[in-house]
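Notes follow the structure.
Each value in this text was obtained by applying a stated rule to the coordinates, not by laboratory testing. Small disclaimer: the values here were computed from a predicted structure and weren't measured. Cβ sites come from the backbone with ideal geometry, for glycine too, and all protein chains shown count toward neighbours.
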Amino acid sequence: MTALLSLADAEVERRQVAAALDHVPLVAGGLLLSTPPVVLLLRDAIPAGILHVWGGLQVAIALAMLGAYLATRPREGTRRPSDSPVLMLPLLNGLLGLNSGVGFAVMYTAHRPDLIVFMAAVLMVMAAVSAGIHAVHRPANLAFTLTALPPFILRLLLDGGTYQVLLAVSVVVALGFFLLTARLVERRTAGAFRLQIEHERLLADQNRRADALAAGEQRMRAVMNAVDDAILALDAQGRVVEQNEAARRLAGENLIGQPLALRLPAAAQPDFAPSPATERSFMGAAGMQPVEVAATPIQFAGEPGLMVVMRDLRERKAQQAALIQSSKLASLGEIATGLAHEINQPLNIIRMAADSTLLLLADGNADNEFIRSQLGLISGQTVRTAKIIEHMRVFGRKDDADAVTFAPMDCVQGALSLVAQQLRVSDIEVELEAALDCPQVRGWPVRLEQVLLNLLNNARDAVLARPLAPSGRLGTIRLAIRHDAARNEVLLEVGDTGGGIDPDRIGRVFDPFFTTKDAGKGTGLGLSISYAIIADMGGRLSVANGPDGAIFTIALPALAPARKTEP
Amino acid sequence: MSAPCVLLVDDEPLAVHTMARFLERTGFRILTAGDGVEALEQCRRESPAALVTDLRMPRGGGLELIATVRRDWPDMPVVAMTGFGTDEAERAARQAGADAVLRKPVAIGELALLLKNLTARPAP
């Protein structure tokens with residue numbers, strides 16, 4: 001507090017000095033104008049040498065004052081307080097006072113009372129001017145008054161006459177009067193300066209606070225505008241009072257002041273807020289469109305309001321549609337065409353083998369060995385044909401058996417036990433990552449095991465088809481079983497290090513007869529059948545390319561989490 | 001030039017085997033290939049008298065193979081086989097430049113006769 005006060009006092013003094021300096025031209029001008037007449041009036045009684053030295057000193061001091069003023073004169077309207085030399089003015093005023101008071105005391109002529117009165121008058125006028133003008137800066141005023149009057153008063157008293165003593169007393173009274181007046185003026189101006197300083201400080205504070213507010217507002221706005229979702233704030237009547245750029249884009253115009261319910265009919269419903277992200281219709285720039293809307297009650301300076309966040313669903317919908325289109329099962333016609341082509345392969349071999357045997361027999365060109373091998377070939381191809389037809393039947397068939405509730409981990413273990421040995425000898429590593437609290441699912445465990453087996457075999461083929469890695473180990477098959485609590489689904493993942501599936505073809509892997517394997521290696525039916533089985537169980541089979549290879553994911557609806565079903 | 005050389009192309013090894021077995025016994029020298037790329041290598045190396053190819057194959061399908069052969073060996077007779085059994089497949093094969101198109105299952109006697117005629121045709 002003391003430090004603050006003294007800081008403020010220092011500032012007040014700087015301003016006083018500045019104000020005093022502002023008056024310097026008046027003082028110096030008065031001095032320059034009054035010195036020659038004074039010299040003229042005194043020239044009869046005082047030796048010219050002394051008088052000229054005195055007058056010269058007065059003029060020199062006046063010029064020094066002017067110089068000090070010019071050196072520190074205000075630039076661009078304001079005198080910088082730091083420019084104000086605190087000691088300059090008291091020093092010059094002291095010199096002026098000494099020269100005037102001591103000068104007059106020296107030039108004192110006892111035989112000329114008129115000149116003594118004149119000198120006393122001049123000194124008192126100067127003291128009055130000093131008190132009037134330099135009162136704003138007390139040291140400057142005192143420096144003159146206390147150096148100018150006492151030497152002259154002393155000289156009067158030394159002179160000793162009644163007349164002189166009376167004159168001295170009146171000068172002393174005047175001195176006291178001037179000091180008192182100056183003190184009052186100084187106090188008042190100091191108070192005014194304090195008020196001024198306080199006022200300026202408040203103004204600066206206010207500006208700083210306004211700037212900070214504006215900067216904060218700009219930051220908030222920049223953040224809001226950087227969000228892709230539309231953000232709106234509504235007042236209690238449901239009118240938009242704030243919006244971000246995404247909201248403006250979505251609506252195609254400024255929404256401020258509009259009731260949101262005009263564009264988002266759901267906003268008129270009583271249960272609109274609070275609501276989690278829900279799909280709704282919004283009248284946007286391009287007509288009615290789907291949006292995901294979340295509404296949260298908020299307070300604006302004590303007033304109830306709503307914050308509404310809307311996400312444009314058009315792109316997501318389009319993406320979903322494209323995905324469904326590209327990975328959907330082939331239409332019935334495509335299945336028929338594929339089936340025909342697939343069955344024609346063994347039929348072709350059967351017919352060619354049979355025909356060639358018949359033709360060669362007719363020519364007597366076929367021995368028993370030839371006939372036997374041809375018949376073996378034919379028999380093998382009929383088995384192949386039957387297998388294709390058997391696969392196809394899975395599509396249409398609804399399992400007769402009732403769906404049961406089971407732990408998917410059992411299927412994982414069942415499938416693994418069938419291929420583990422084979423994978424080990426192939427030098428393929430199997431990593432199993434199983435969540436302990438995995439819920440149960442509903443469906444047909446044997447068929448799920450078939451799907452897993454199929455995925456494991458595919459993974460194995462993918463790893464085997466890849467050139468040997470320098471590490472020596474052929475590759476890894478990663479099996480994971482987890483619970484996606486958010487969607488309440490059990491996820492079974494089968495990933496391999498086989499390098500993945502060509503992105504152009506990944507959308508077709510579930511099509512019947514589509515295969516990425518070498519000719520004769522796969523029927524191209526395994527995945528489409530797996531897809532159908534999982535769909536029958538209410539789940540999804542999907543595929544994506546991971547960093548090392550393809551990852552097939554089976555997502556099955558989870559029943560209540562396993563922990564909770566236990567008593 | 002007693003035994004004309006025929007190149008058989010199919011991604012079904014057993015189909016190629018069955019055809020080769022018969023055609024060899026009826027007076028052809030047989031080359032085989034499992035895909036389009038392999039077939040073109042054989043053409044360059046052996047200059048067969050005729051080409052018999054399936055349409056759906058890995059590594060350059062049959063249509064591409066037929067078009068390439070038509071461009072580089074304009075005089076080589078080309079027989080296409082298709083398992084699709086549709087007019088579109090047949091038309092596509094003819095447009096690519098096949099001299100004949102057989103639908104699977106192929107009558108192998110017919111194929112042998114066709115090849116005999118095509119390879120006996122005097123060079124222009």
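Observations, loosely collected:
- For the pair A:ALA486 and A:ASN207, label points projected 7 Å from Cα toward Cβ lie 5.0 nm apart.
- Of all DSSP beta bridges in the protein assembly as shown, antiparallel share, percent nearest 5: 70
- By the count of other C-beta atoms within 10 Å, a proxy for reagent exposure, A:TYR69, A:TYR163 are ordered fewest to most as A:TYR163, A:TYR69.
- Euclidean distance between Cα centres, the range A:529-560 to the range A:9-38, Å: 95
- Chain A: relative contact order as a whole-number percent, Cα under 8 Å and 6+ apart: 8
- Length gained when the stretch A:ARG505-A:TYR163 is fully extended (0.36 nm per residue, less Cα-Cα span): 110.3 nm
- Phi to ³J(HN,Hα) by Karplus 6.51 cos²θ - 1.76 cosθ + 1.60 over the range A:11-21, Hz, x for Gly, Pro: 5, 4, 5, 4, 5, 4, 4, 4, 5, 4, 4
- Each of A:HIS52, A:HIS199 has some number of other Cβ atoms within 10 Å of its Cβ, and from fewest to most they run A:HIS199, A:HIS52.
- Amide H contacts under 5 Å for A:ILE298, placed H, 5+ residues apart: A:GLY305, A:LEU306, A:MET307
- log10 of Debye I(q)/I(0), alpha-carbon scatterers only, for the range A:95-248 at 0.13, 0.20 Å⁻¹: -0.72, -1.12
- Put a dot 7 Å past the Cα of A:ALA407, heading toward its Cβ, do the same for A:ASP367, and the two dots end up 6.3 nm apart.
- Amide proton proximity set for A:GLU489, modelled H, under 5 Å, gap of 5+: A:ASP484, A:ALA558
- Förster radius 22 Å - calculated FRET efficiency between A:LEU262 and A:LYS317 (Cβ-Cβ, nearest 0.05): 0.40
- Between the range A:127-163 and the range B:1-41, the C-alpha centres lie 136 angstrom from each other.
- Amide H partners (placed H, <5 Å) of A:VAL430, local residues excluded: A:ILE477
- Helical contribution to [θ] at 222 nm, DSSP H n ≥ 4, -39,500 (n - 2.57), averaged over chain A, rounded to 500: -20000 deg cm²/dmol
- Using the Karplus relation 6.51 cos²θ - 1.76 cosθ + 1.60 with θ = phi - 60°, the per-residue 3J(HN,Hα) values for the range A:410-421 come to 4, 5, 4, 5, x, 5, 4, 4, 6, 10, 4, 4 Hz, with x marking Gly and Pro.
- Residue-count net charge about A:LEU180 - beta-carbon cut-off 12 Å; Lys, Arg +1, Asp, Glu -1: +1
- Our coupling estimate for the range B:60-74, obtained by passing each phi through the Karplus curve with A = 6.51, B = -1.76, C = 1.60 and θ = phi - 60°, is x, x, x, 4, 5, 4, 4, 4, 5, 4, 4, 6, 8, 10, x Hz, Gly and Pro reported as x.
- In a fully extended conformation the segment linking A:LEU180 and A:THR382 would gain 59.5 nm over its present Cα-Cα distance, using 0.36 nm per residue.
- Peptide ranges A:100-111, A:432-443 listed from the most packed, as the mean C-beta count within 10 angstrom indicates: A:100-111, A:432-443
- Principal axis extents of the Cα atoms in the protein assembly as shown, from largest to smallest and rounded to whole angstrom, are 179, 77, 54.
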